[in-house]
Each structure stands twice: as structure tokens, then as C-alpha cells.
1. At pLDDT 95 or above, of a type in the set (Val, Ile, Thr) and either within 26 Å of the chain's Cα centre (by Cα) or farther than 30 Å from Asn128 by Cβ (or both): is that true of Val75 in this structure?
2. Before we move on, is Leu373 under 29 Å from Glu182 (Cα atoms), in a helix (DSSP H, G or I), at pLDDT 95 or above and within 16 Å of the chain's Cα centre (by Cα)?
3. Taking the range 257-290 only, how many residues are within 13 Å of Val319 (Cβ to Cβ) and not polar (S, T, N, Q)?
4. Would you confirm whether any residue within the range 180-200 is surrounded by fewer than 22 Cβ atoms within 10 Å (Cβ to Cβ) and free of Cβ contacts under 8 Å to residues at least 40 places away in the same chain?
5. Looking at this structure, is Glu587 within 20 Å of Asn76 (Cβ to Cβ) and surrounded by fewer than 24 Cβ atoms within 10 Å (Cβ to Cβ)?
6. Among the residues of the range 589-597, is there at least one that is on the phi > 0 side of the Ramachandran plot and free of Cβ contacts under 8 Å to residues at least 40 places away in the same chain?
7. Taking the range 231-252, which residues are over 28 Å from Leu335 (Cβ atoms) and modelled with pLDDT under 95?
8. Looking only at residues in the range 23-60 that are modelled with pLDDT under 70, farther than 23 Å from Val521 by Cα and not acidic (Asp, Glu), which one is surrounded by the most Cβ atoms within 10 Å (Cβ to Cβ)?
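The values are calculated or read from the model by the stated rules, or taken from the named source; none is laboratory data. These numbers come from a predicted model, not from an experiment. Positions of Cβ are backbone-derived with ideal geometry, glycine not excepted, and every protein chain shown enters the neighbour counts.
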Amino acid sequence: MDCCSNKVYIKSKAKAKDKEGDYIDPDDWEVNSDELNRPFDSDDEDISAPKKVKQRVKKQGRKFKNDVDTNVMKVNMSALEPEDFTTGDPVFCTNCSAVLNVHSHLEQPEGEGDDNESRVWICEFCNNKNEINLDEHEVPDKERGESNLNYILEMPEGEANEYKQDEEVKGSAATSIDDASETPLIFCIDMSSSMNTPANKNDQNPNAPTRYDCIAQGICNQIEAFKETNKKIGIVYFCSYVGIYGDGTGKPKGIKPGKALNDEKYLYDSMKKLAMTHMSQPVSLTHEKLTAMVKKMKPRGMTALGPGALTAITMAGVVGNGATVVICTDGQTNLGVGSQDAYKETSDWKERVDKFYEDLADNANKHGVTVNLMSLKGCYCNLNNLIVLSEETGGQVNIIDPQDANNEFETMLQVKPIATNVTVKVRLHQALEFKNELSKNLSADKTLMTKKLGNVDSQTEVAFGYRLKDPDQLALIKGFNIEEFSKIPFQTQIEYCRLDGTKYLRVISTVLETSPDAEEVKQDVNIGIVAVSAAQQASNLAREGRFREAQALSYNKKKFIKKIAKTEEDTAMYKAFKDSMKQMYNEVNEQRKKEDMAKVLLRRKKGPVSHPVRPVQSDALTMNVYKARSITHNTLLMRTQK
């Protein structure tokens, strides 16, 4: 865990309640909604002091307040690089599930001798008493270099792989992979009639390259680039039906229009079997057939994206851990599972569409599949529905110019996973809580954050902010005294699988001292961590549709970063943060304007209104919100060097 500062800022000023009974903090930064209408990268006004709640200025518009400080951390997935594993099994607190670590305090039970293996661990997170029995060498020890713990949870030989139904099948498709450069790859391509549109709409030449021509050339170039490797590459396409070429060696298969496209179970079961015969050969043996097939394909019909995605993801999950699926489309799905058409006779079709993609993402994550989304400029694909596929699997999301397809494929496929099926849990002390985090990720009274990351590379990062709970909540903690709160524990637990199938638990623990002095904690502040955390927190708010709050947080964090910047490197990091966030900020502003206009029109409408109408969220907004969530310290550093 990387800490923004070497101390936790615990505010000494007591919070007061406003007229509504909510706590307000005199140190919160404040911004007027009128100020949020300016472009994000415009020059800042005077930032010599924060606009605090107590320094109110009479302006029109709503005021937004943010808790802006250095209480942020990040966890880099480079921590999952191979290292020696820890002896024994992890010991969990029976109350909060924290793991025994080098910072834990063990006591001898009353009346027991020193040679007894029985110990009492008073959990540093929740104060629960745990009776444990451990050999001396199983107790984490700093002197043995066990500040971070790495437990083996399950060996690959012990896994019950549902796909490996017999020994013959094991040898054909499903493989254990150690080299990330040879993980399987399936292209899932939109072949609907709109892909026949000229890539350049202004080109009147009847022989001008179409959208599909550009995508096909990009795919063929990738096949050529990998042709001397053992990588398995497959092709799945969708139009009014789903076509499966796989690796090109088997007889092409198709799922015709009709009931089959609306039957998730049929598609799932069929594709598990088909992967065994249609994804068995490396591209070194199949590149010529694959290239010929891609070149002869002709766009036609509708867009059965849901069935196509289910087909590609299921097949990828069979052929090897760490597989990648690239979905390339120029329109939203309108046929088969995952579309309104499949559930048109039900009133809850929207919820069923959402659940389909959530379940598909969960299945991809479970089988170590990364899903990348690639849509085309000038087309509406409803990425807001599809985004969960990349969000839950560690994939990328891009809106591209078809003529740049080759470069986009190359960049996307350069990312090499170091671990799959990654779930990160961050545990806070019971007196703290996470702030600006997705509500679905929080539990245990906001002291536990759980995030599914899917597949990760060494640059993947999770950042988070935290704060002291309100006085009313602190009063409920038995025996808690803020005056004695001098040190605070933090713990990250990362469950993950390596590419060979071994399942691990990495436990990273640290303890920080507290300080009531805001200036003291800023002395050695890491601006990069503040910036990464700000980007991810703003993305969380926007993801939940809290657009104005996302803007306000971005705006106040930007001014805070500029205020605490001391060196040329800090200033460069500040500029990189502004540059990285401006697209999301400005897209959020456009969405907010649409919503404001919709509210005005709604008020003018005569007669009763059953529910408010929310404007469709643009694909550009969805993509940029996702990209903000994916900002890392390394991407900011790269921007400082441009």
C-alpha cells in the first residue's frame, strides 16, 4: 500500500450540525455550481486559501462541499509479482475477517505457560478477541521479511474445472498457460449491415473502404504479428445470427435467428462444447485460413451483440486462463439475449438486460477472461449497458476512428496480464469509513471495500479515500477514545490466480500515526497518489449518475493539488491530472446540461408524469468516466514527459 502521507490527518476541529441535522465540517472546500460550467483545464482563480464553508460568498447557484485532504492511499497490482509464499494458512478475525499480521498483538491466555501454542489476538481493527493456536514459525514476523504475506489457497491440480470433462478434452483445448504473451484471443466482430458504411462518411468513392474493411485489416495484421507463436486466435461474428469460425480449422458453425438466440442456457452449453473442437490449434498453424476467412466476410442484417458476446466469452473461458475477447461494434444490440427484443413481452426488460450483462461479466471474471470494448466514432452503441463487461474483467474501452483500427488493436493487445480473477478487499479501522466509493463495493458500516478487478497487469491500481466517522457513530464504538487514537491500521487482501491456475491470497498491512495538524501531513505528500485517488473517486460519483458531485470533487481536488504542489515535478503532475480529467469533466458537464433541459421541459408538460425522463447517456461520457477510473500513477508520469 502506498500512502499519500506518512501520517493520517485527524481533524481537531469539532464538527457541528446544520439545520437539517447533518454534520458540516468547517474545513470542507466549497465550490459554486456556476464555477463548474467552465472547462476543466481553464486557468484557476486565486487558490491561496480554500473556499471554506465558513467563508461564504453570496452567489447564485447551488454550493457543493468536499472533504479535501491527504487521507488517500493506493494499491498497485505489481504487488502480485511472484515471490516466496508464507508458511501455514491465513488466520482471520472471527468478527471482521482481518488477517493476523506483523502489526497484530498476541497475548498469552491467563493461566497458560509460555510454551503453550495457544494465543489471544485482540484484533487491531475491531477489538475482537480471537483465540488461536499457532506454531511459532506460523506467526508473521518482521525479521523474516513477512510484512506482506502471500498464502497459497489452492493448487491448480486440485481445481475442479467444469469444462474438463475427460482426459481427451483436457489435451485439446483447455491449457495451462505460463507465458502472458500466449494467452488466447477471440475477436468478436459486428457484421451487421451498418458495417458496410464508408469509414470516411465524406468519401464519395464507391470503392472507398468501409468500416468493416478497416476492422478486418486491423485483425489480419494482428494475426500476422502472432503467426509464429503458440497463441490461439479465434473469430466470432454477429449480425442477424452468430457465426463461429474459431481458429479456422473446423467447419464453421452458426446460430440461426429464432429461439436459440434468446436462450442463454443453450448458447452457454453449446459454446462450451464447441470451443473444444474450434479453438484447439495455435495461430502458427491457422493464420492463413483465419486471414482468408476474415477477408471474405460480408456485413449484413441486424445486431445480435448479446449472443455474440456470450459465445465469444464462453469459448474464451474454456481455452485458457488469461484469455482476451475484443468486441468491436458500431451499434447497439437489437436481437437476441441482452436486447430489448428478447424481453419485449415483460415490463422489467431493462432490469433483465442489465442482469444479462452483469452475469456475463461475472462469468468472464470467474474464468479469467478480459473483455475489451471497441466502438466506432459517430455511432451510438449504448456502452453504458456494455461497460460492466470491461469494468468487471479489467478490460479497456475505446471509441475509435475505423481507419485507426490497426493501431488501436496493437495498443490494446500489448497489455499482458500478471494475474486473473482478482478481488481486492481493503479493511479500515472501525472508527474510519471510505468516502466517494461506489455503494455496491462497501459493507461492514463502510469499513470494508471490495472490488472485482478481473485480470490485471503490473500497472493496475486501486486508490481510495477515507475519513473519520461522525461523532454520533464514534460514540457507538465500545471503548473508543479519539484522544488515544494515535496509530491506525490498514489492510489490503488480494485474492488472485496466476496464469498457471494457482490461487493465492496476498495480505498487505501497514500502520500509520495520526496528526491533527493539516500542514504537518502535507510536508511529504505524494501528489501522484492524491491525483489517482481524485480521478477514481470522481469516476465513482459519475458512474452512479451524481454528475455535479463528480465535477465538484474534480474541481476542488484540482485546486488542492495545485495549492500543495512544491516542486517542478509536482507542478507537472498537477498539469497531467488536469489534462487526464478534462474529457470526463467536460462530458459530465454536457450530460448535466441535457438533464437540466429535460427537467425544464418536464415542468412545462401538462398533466401527470409517472416518472422523470433521464436523457440517454452518451457513449463518450461512459468511455471517459471509465478511463478516469483507470488512471494510474504511471499514466500521469507518462503525461508529464510529453
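1. On the way: at pLDDT 95 or above: yes; of a type in the set (Val, Ile, Thr): yes; either within 26 Å of the chain's Cα centre (by Cα) or farther than 30 Å from Asn128 by Cβ (or both): yes.
In short, yes.
2. Values: under 29 Å from Glu182 (Cα atoms): yes; in a helix (DSSP H, G or I): no; at pLDDT 95 or above: yes; within 16 Å of the chain's Cα centre (by Cα): yes.
Taking the combined requirement at face value, the residue does not satisfy it.
3. Result for the range 257-290: 10.
4. Yes, because at least one residue in the range 180-200 is surrounded by fewer than 22 Cβ atoms within 10 Å (Cβ to Cβ) and free of Cβ contacts under 8 Å to residues at least 40 places away in the same chain.
5. On the way: within 20 Å of Asn76 (Cβ to Cβ): no; surrounded by fewer than 24 Cβ atoms within 10 Å (Cβ to Cβ): yes.
No: the conditions fail for Glu587.
6. First, the residues of the range 589-597 that are on the phi > 0 side of the Ramachandran plot: none.
No, every residue in the range 589-597 fails to be on the phi > 0 side of the Ramachandran plot and free of Cβ contacts under 8 Å to residues at least 40 places away in the same chain.
7. As a first pass, look at the range 231-252 and keep what is over 28 Å from Leu335 (Cβ atoms): 231-232, 249.
Scanning the range 231-252 gives a single hit, Thr249.
8. The selected residue is Tyr23.
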